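In what follows, a structure is listed as C-alpha cells, so that the remarks can point back to it.
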Ligand code: HEM
C-alpha cells in the first residue's frame, strides 16, 4: 500500500466523506492521503474515532499483536489517566504518526521507540478491553459497574490453560497489515504504561483465519482449511446489532455500543493432523478441504444442509463435525464474529512438536449466550478435539468507541 514517495509524516487526512464510511461508526473506512503531486489515493489509515472501537468490524488485517496487561495502579483516577494516555497514543499511531516529535536531543530517550518510522499505518487498529478483575470489590470502587456477563470464563472440558497466557486486567488488540506496526503499538503502549501496568502475556499472530467483510476472500488456517466462510460480515449492520454490539437493554450504560472479546490460544497438534487422512480431516470439519464447500455442497458458500443423509442413513455432515456443533442451528441461532489469526511460537521443548495453532478471537454482545454455550458443545463432542488443545483464555469487555478529545472508558471511569 505504501507508494514510493509516501512517508508517515506526509500523511494528510481528508476526512469528511460519508461515502468513505468514516461517519458510519468509525471502523471500516479508510482515510485518503495525498501524494506529493496532489493526487488523492486510498491509503492505509483506519479512523480511530467513532461510535464503536475500530478493529472489530474492520476488515481483518493480516497480523495481530495482542497484549494483556496487569494493573499496578490502585485508584480509579490513575486508571482513567492511563486510558487517557493510551487513547491519545493509539489515535496518533493509527493515523501513522510517530509518538512525539523526533528530536536530536542527545541526553534523553526518544518518546517513540522508532521501529515504525517511515512505515504507513498499514490499517492499524487498536482495540482496548477491560478484564473482569478491575470490577472486583476493593480495587477501583467499580463493583457496581460490573456488567453481569463480565465474569471469568468457566472451565471447559479438555482445557489445559496456562495461567501465564490467560486473563489480564486490560487488553490491547493491535491489528495491522504490517507486523512491525502492530508490534510497535503494543511495545509503545507498554512503555507508556510503565509503573502503572505491565504486560502479562502477548500473542503474535499472522495470516487471518477469519473473513470479516464480504469483500475479503477466505484464507486458510494452519490445518489447511478455509476458515471464516460462515462468519458474520462486519458491514451487515443488522447482524452486528443483533450479535455483536451491546444494546440499550444493558443496565450498565457505559458498555452500550461496546462488545465482549473472547481470546483463546488454541494449539493444534499439527503433526497428528498432517498424518490423518483427507477424508477424516473433512469429516472433522464438515467441509471439503480444497473448495471449502460443506460436505453437502459443491461451492464454498453453498448452504450447509445438516439434515442431508447418505444412502445408509448416516448424516453427510457427521454429528460431531465442527461446523455442525459450532453453527447457529445447534446453538439457538446464536452467532459470533470470529477474528482470529494463526500463530507459531517455536517448538515445545517437551515433545519437540510445533507450538502452533489458532489464536481465536471472537466478538459478541453476550458471552453467556454466545461463546460459552458454543464452546461447551465443542468441548464436549467436537471431532476437532483430537487435534487441538486450548492453552490460553481471556474475556474482556470492550467499551464503545469515542469521539475525538474523549478517551476510551471515560463513561465508566469519569
Ligand atoms: C483450532 C480451533 C479451530 C479450528 C481449526 C476451527 C476451524 C473452523 C473451520 C475450518 C470452519 C469452517 C469454515 C467457516 O465457516 O469459517 C469453522 C467454522 C466455525 N467455527 Fe471454528 N475452528 C476452531 C475453533 C473454534 C471455536 C473455539 C469456536 C467457538 C467457540 C468456533 C466457532 C466456529 C463457528 C461459529 C463456525 C461457523 C459454523 C457455521 O455456521 O457453519 N471455532 N471453524
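Here are the numbers:
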{"read-out": "Pairwise FRET efficiency - residue 312 versus residue 70, Cβ, R0 = 60 Å, nearest 0.05", "value": "0.60"}
{"read-out": "Simple spin-label estimate for residue 137 and residue 256 in nanometres, 7 Å along Cα-Cβ", "value": "2.9"}
{"read-out": "Stretchable slack from residue 353 to residue 249, in nm (0.36 nm times residue separation minus alpha-carbon distance)", "value": "32.7 nm"}
{"read-out": "Cα gyration tensor shape of region 75-114, rounded if a/c is under 1.5, else prolate or oblate by comparing a/b with b/c", "value": "oblate"}
{"read-out": "Gain upon complete extension [residue 290, residue 88; 0.36 nm per residue less C-alpha separation]", "value": "68.2 nm"}
{"read-out": "Shape of region 36-115, Cα gyration tensor, a/c cut at 1.5", "value": "oblate"}
{"read-out": "The chain: most fluctuating residue of 118, 131, 357 per GNM, C-alpha cutoff 10 Å", "value": "118"}
{"read-out": "Hydrodynamic radius by Kirkwood, which averages 1/r over all alpha carbon pairs of region 308-414, in angstrom", "value": "17.1"}
{"read-out": "Rounded tilt (10° steps) of 371-381 against the dominant C-alpha axis of the chain", "value": "30"}
{"read-out": "Neighbour-count ranking [beta-carbon atoms within 10 angstrom, fewest first] of 206, 225", "value": "206, 225"}
{"read-out": "Sequence of 299, 184 once ranked by neighbouring C-beta atoms within 10 Å, starting from the fewest", "value": "299, 184"}
{"read-out": "Pair-distance profile P(r), taking every C-alpha pair of region 66-178, with 5 angstrom steps and integer %", "value": "2, 9, 15, 17, 16, 14, 12, 8, 4, 1, 1, 0"}
{"read-out": "Relative contact order of the chain, pairs being alpha-carbon contacts under 8 Å that are 6 or more residues apart, as %", "value": "22"}
{"read-out": "Efficiency of FRET between residue 344 and residue 276 - r from beta-carbon atoms, R0 22 angstrom, step 0.05", "value": "0.65"}
{"read-out": "With Cα atoms, 0 to 90° folded angle of helix 179-192 axis to the chain main axis", "value": "60"}
{"read-out": "Angle in degrees between helix 76-94 and the longest Cα principal axis of the chain, rounded to the nearest 10", "value": "90"}
{"read-out": "Global form of the chain, assessed from the alpha-carbon gyration tensor, a/c cut-off 1.5", "value": "prolate"}
{"read-out": "Pair residue 111, residue 155: separation of 7 Å Cα→Cβ label points (nm)", "value": "4.9"}
{"read-out": "Mean ellipticity per residue at 222 nm, deg cm²/dmol - from DSSP H runs of n ≥ 4 across the chain, formula -39500 (n - 2.57)", "value": "-5000 deg cm²/dmol"}
{"read-out": "Using a Förster distance of 35 Å, the FRET efficiency for residue 238-residue 164 (Cβ separation, nearest 0.05)", "value": "0.30"}
{"read-out": "Per-peptide average of other Cβ atoms within 10 Å, ordering 263-273, 232-242, 346-356 highest first", "value": "263-273, 232-242, 346-356"}
{"read-out": "Choice from 70, 249, 312 showing the highest fluctuation, given a GNM over the chain with Cα pairs closer than 10 Å", "value": "312"}
{"read-out": "Residue exposure sequence - 288, 341 - by fewest surrounding Cβ within 10 Å", "value": "288, 341"}
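Bear in mind that the values in this text are calculations on the coordinates, not laboratory data. Values in this document were obtained by computation on a predicted structure and should not be read as measured data. Don't worry about glycine lacking a Cβ; one is built from the backbone with ideal geometry, like all the others, and counts go over all protein chains shown.
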